[in-house]
Amino acid sequence: IERTLSIIKPDATERNITGLIVARLEGAGLRVVAQKRVWWKKKQAEEFYEMHKKRDFFDELVQFMISGPIVVQVLEGEDAIKRNRLVMGATNPVDADPGTIRKDFAVNLQRNSVHGSDSPESAKREIDLLFKKSEIV
Ligand code: ATP
Ligand code: MG
């Protein structure tokens, strides 16, 4: 059993489709063991995405992630990290497979509806950054 960090991004909260996305995650065998809706300050978005700070899309990504509320979640399941990225689909929705969250809901490469940790190391870092141990049940 493994845990991963998931975010439902502002483009999805804005369109009121967070429940549709959670249903996809649950349908893929992932269990929501922690969840909260938050509206990040710039500093929080910059810290979360610090590994991308040298990328040319960093400033726009931070602005997007603070443009509205997000839903942050810890997901649990067998191979949760890989399982979540499979149901999310490719970063750019034009490359995403049919039936994936990004294929069906993402607006474009930036406004791509969801985030999922990409390794056990990043999952631990992201979960520890956003949740207290007592919030995960
Ligand atoms: P995430 O980390 O959100 O799960 P990912 O791992 O598929 O997505 P990354 O390469 O880590 O993609 O990029 C992080 C996020 O930055 C993407 O999900 C997307 O919102 C945004 N992004 C990535 N590449 C670009 C780009 N070339 N132009 C604009 N935004 C981008
Ligand atoms: Mg990533």
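The values are calculated or read from the model by the stated rules, or taken from the named source; none is laboratory data. These figures come from a predicted structure and were not determined experimentally. When we count neighbours, we look across all protein chains shown, and the Cβ atoms used for this are built from the backbone with ideal geometry, even at glycine. These accessible areas exclude ligands, DNA and RNA; they are computed on the full protein's heavy atoms, side chains included. Shrake-Rupley method; radii C 1.70, N 1.55, O 1.52, S 1.80 Å.
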Check: Do any residues in the stretch 23-51 that are closer than 22 Å to Gly68 by Cα have Cβ atoms under 6 Å from those of residues that are in a loop (DSSP other than H, G, I, E, B), where the two are at least six apart or on different chains, and which pairs are they?
Finding: Ala34/Phe131; Ala34/Ile136; Arg37/Pro69; Trp39/Pro69; Trp40/Ile66; Lys42/Ile66; Ala45/Ile66
Margin query: Cβ-Cβ under 9 Å, sequence separation 6+ or interchain: first residue in the stretch 117-135 and assigned to a helix (DSSP H, G or I) and at pLDDT below 95, partner within 14 Å of ligand 2 (Cβ to nearest atom) and aromatic (Phe, Trp, Tyr). Which pairs?
Written below: none
Next item on the list: Kindly indicate which of Val72, Val33 is open to solvent by less than 40 Å² (accessible area, probe 1.4 Å), more than 20 Å from Gln110 (Cβ to Cβ) and either more than 16 Å from ligand 2 (Cβ to nearest atom) or within 15 Å of the chain's Cα centre (by Cα) (or both).
Entry: Val33
